[in-house]
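Data first, discussion second: the structure below is written as structure tokens.
Every number here is computed from the coordinates shown, using simple stated rules; none is lab data. Predicted model, so just to flag it, every value in this text is computed and none were measured. We place every Cβ from the backbone using ideal geometry, glycine too, and count neighbours over all the protein chains shown.
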Amino acid sequence: MSHLANKIADQTAVVGVVGLGYVGLPLAVGFGKIGYCIIGVDLSIDKVNQLNNGSSYIPDVPSAEVKELVETERFKAYTDYAYLTQADVIFICVPTPFDAQKAPDLSYIRAASASIAQILRPNQMIILQSTTFPGTTEEVVLPLLKQTGLVVGQDFFLAFSPERIDPGQVSSPGFDVQNTPKVVGGVTKTCTDLAAAFLAKLTPQVFHVSSPAVAEMCKLLENTFRSVNIALVNELTLLSDRMGVDIWEVIEAAKTKPFGFMPFYPGPGVGGHCIPVDPYYLSWKAREFDFYTKFIELAAEVNGEMPYFTVEKIAQALNRHGKTINKAHILILGVAFKRDIDDARNSPAERVIELLLKAGAGVTFYDPHVPSFKVGGNVFLKEETYIKRIPLTAENLAAADCVAIITDHSSLDYEWIAQHSRILFDSKNVTGRFNHNHPNIVRLGAP
Ligand SMILES: NC(=O)c1ccc[n+]([C@@H]2O[C@H](COP(=O)([O-])OP(=O)(O)OC[C@H]3O[C@@H](n4cnc5c(N)ncnc54)[C@H](O)[C@@H]3O)[C@@H](O)[C@H]2O)c1
């Protein structure tokens, strides 16, 4: 232990990062920028090659930063775990999706842990960062590492520390891996202390908790909190639609209360790999304890209705202009799952487009950050279909029967878009400022 503690104290520890995606790469570069040598491992040869050529595929990580680390020999990526024998601290940042029945898919964590077990040596510390249900570190990762015969808390150290990164920093301007507080819980107290000491090199605030399960549940509380509050505001949006009340104005008014209120906003659905996924990890695990997480299920149900409501509003808007959704041409603006990012995984645009296609509409899209987008291959739309991406021109806007804003990227000129669109459906209130000048604008949640 003192060997690892010394390396942490004198900043000579070598950092390994397994899974160089939206979470792993910013973490690797964050430690690289403060002077550590990084060994990255990812199964994608394309990603490994790109990084070793000094180029980044994550918008929040500038290529110049990767290039500098590669050129100064402080970062090298591999597909082979064997190189991780040199690492003192290894972060696991692999995906935790769910399967078709919304059960947790821990195969990536299992595979990464089994591969680490092959190279595990005394004095190494493993920190799991992937979001997962309480118990994963001790019930899934630890048994695989223990097969080496090494003893946790003595020979090697194991902790869970959730990642709180917000790609694109949409709701967290100014926060990154270096200034967002970390929570950490180790399998033993020594594990917690060592992991916290190491994380404190990156970020000044590290909060110790008594077990990995507390740290795992902490992350799920954070994301469930968002999911439930978004669902609340989405439900009130459905109500205000019936009542003819502008929900956006209601939220602006409520926001003036300086305490006891935090604004959440409605939209065409929740997307990405956190809010629509993580709460299910908790509800799945809860069933093992004969417990049903009603809030989580209810929030998922309400949020899951929003793409259907969105399509209904588009159909009503077309109807008012004497058109039917069948054969209408809908131009979707924004398919990323949130503003100013390129990540379109689990995007609400997916279900909205599937429902539009199923109803007989023709759909094209434009997204400044997403070059290609496919939907289908499921019960909603059997065939997988690539949606045609078209340039954002006045002619293309005018040619669409309805232009539908699904993601509110900040680089688009919405007033110009409104001028050229026959019907502009706005699910994000980006036209709230000027919509009174344009009778062709229909806003979600507003009369
Ligand atoms: N993206 C976010 O905003 C965010 C925020 C907080 C937490 N998380 C959590 O962090 C974890 C990672 O998410 P992400 O968005 O970075 O995923 P990602 O898909 O962007 O990156 C994961 C990487 O892991 C690699 N990989 C898969 N299996 C591997 C294996 N066995 N060995 C080595 N590499 C492997 C993939 O090739 C990929 O590059 C998930 O649990 C996610 O829920 C994500």
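Could you name the aspartates and glutamates whose alpha carbon sits less than 19 Å from that of residue 388, not counting residues in the same chain fewer than 8 places away?
In chain and number order, the partners are 342, 343, 350, 354, 367, 401.
Using a Förster distance of 22 Å, how high is the FRET efficiency between residue 154 and residue 118, based on the Cβ-Cβ distance and rounded to 0.05?
0.65
Normalise the Cα radius of gyration of segment 304-400 by 2.2 N^0.38 Å (N = residues in it) and let me know the number.
Relative to the 2.2 N^0.38 Å estimate, segment 304-400 comes out at 1.04.
Only Cα pairs under 8 Å and at least 6 apart count here; give the relative contact order of the chain as a rounded whole percent.
Here the relative contact order equals 11 percent.
Under the rule of at least 5 residues apart or a separate chain, name every residue whose amide H is placed under 5 Å from the amide H of residue 90.
Under 5 Å from the amide H of residue 90: 16, 125, 126, 127.
Given a cut-off of 26 Å, name the pairs among 33/338; 33/285; 313/382 whose C-alpha atoms lie farther apart than that in the structure shown.
Too far apart for the 26 Å limit: 33/338; 33/285.
If we count other beta carbons within 10 Å of each Cβ, what is the order of 63, 240, 427, fewest first?
Ascending number of Cβ neighbours within 10 Å: 63, 240, 427.
What nm value, rounded to one decimal, do you get for the distance between residue 83 and residue 372 when each label is placed 7 Å out toward the C-beta?
2.8 nm
Taking 0.36 nm per residue of sequence separation and subtracting the Cα-Cα distance, how much length would be gained by fully extending the chain between residue 305 and residue 9, in nm to one decimal?
101.4 nm
Across 10 Å bins from the origin, how do the percents of Cα pairs in segment 1-111 run, short distances first?
Final binned percentages: 15, 45, 28, 11, 1.
Considering only segment 293-447, what is the antiparallel percent among its DSSP beta bridges, to the nearest 5?
Antiparallel bridges: around 15 percent, rounded to the nearest 5.
Per residue of segment 371-381, in order, report the coupling 6.51 cos²θ - 1.76 cosθ + 1.60 (Karplus, θ = phi - 60°) as ³J(HN,Hα) in whole Hz, putting x for Gly and Pro.
x, 8, 8, 10, 10, x, x, 8, 5, 7, 8
Taking every Cα atom in the chain, find the radius of gyration and the maximum pairwise distance Dmax, and write them in Å.
Using the Cα atoms of the chain, the pair Rg, Dmax is 23.7, 76 Å.
For a quick check: with amide H placed at 1.01 Å from N, whose amide H comes under 5 Å from residue 408's, ignoring anything fewer than 5 positions away on the same chain?
Placed amide hydrogens put 339 under 5 Å from residue 408.
Exposure proxy check: 198, 156, 207, 373 ranked by fewest other beta carbons within 10 Å?
207, 373, 156, 198
How big is the charge dipole of the chain about its Cα centre, in debye rounded to the nearest 20, if each Lys and Arg gets +1 on its Cβ and each Asp and Glu gets -1 on its Cβ?
Computed charge dipole of the chain: roughly 340 debye.
For the chain, what proportion of DSSP beta bridges, expressed in % and rounded to the nearest 5, is antiparallel?
That works out to approximately 15 percent antiparallel.
To the nearest 0.05, what FRET efficiency results for residue 238 and residue 319 with a Förster distance of 25 Å applied to their C-beta separation?
0.85
Can you report the principal axis dimensions of segment 77-138 using only the alpha carbons, biggest first, rounded to whole angstrom?
39, 24, 17
Considering amide H positions built from the backbone, and no H for Pro or chain starts, which residues 5 or more places from residue 183, or on another chain, come under 5 Å of its amide H?
Placed amide hydrogens put 207 under 5 Å from residue 183.
Evaluate Rg over Rh across segment 109-222, taking Cα atoms for both radii and Kirkwood's formula for Rh.
Rg divided by Rh gives 0.98.
I need 262, 125, 217 ordered by Cβ neighbour count within 10 Å, fewest first.
Lowest to highest Cβ neighbour count: 262, 217, 125.
In whole Å, what are the Cα extents of segment 170-321 along the three principal axes, biggest one first?
Cα spread of segment 170-321 along its principal axes, largest to smallest: 67, 39, 26 Å.
Once the piece of chain linking residue 205 and residue 229 is laid out straight, how much longer is it, given 0.36 nm per residue of separation minus the C-alpha distance between them?
The span from residue 205 to residue 229 would gain 6.0 nm if fully extended.
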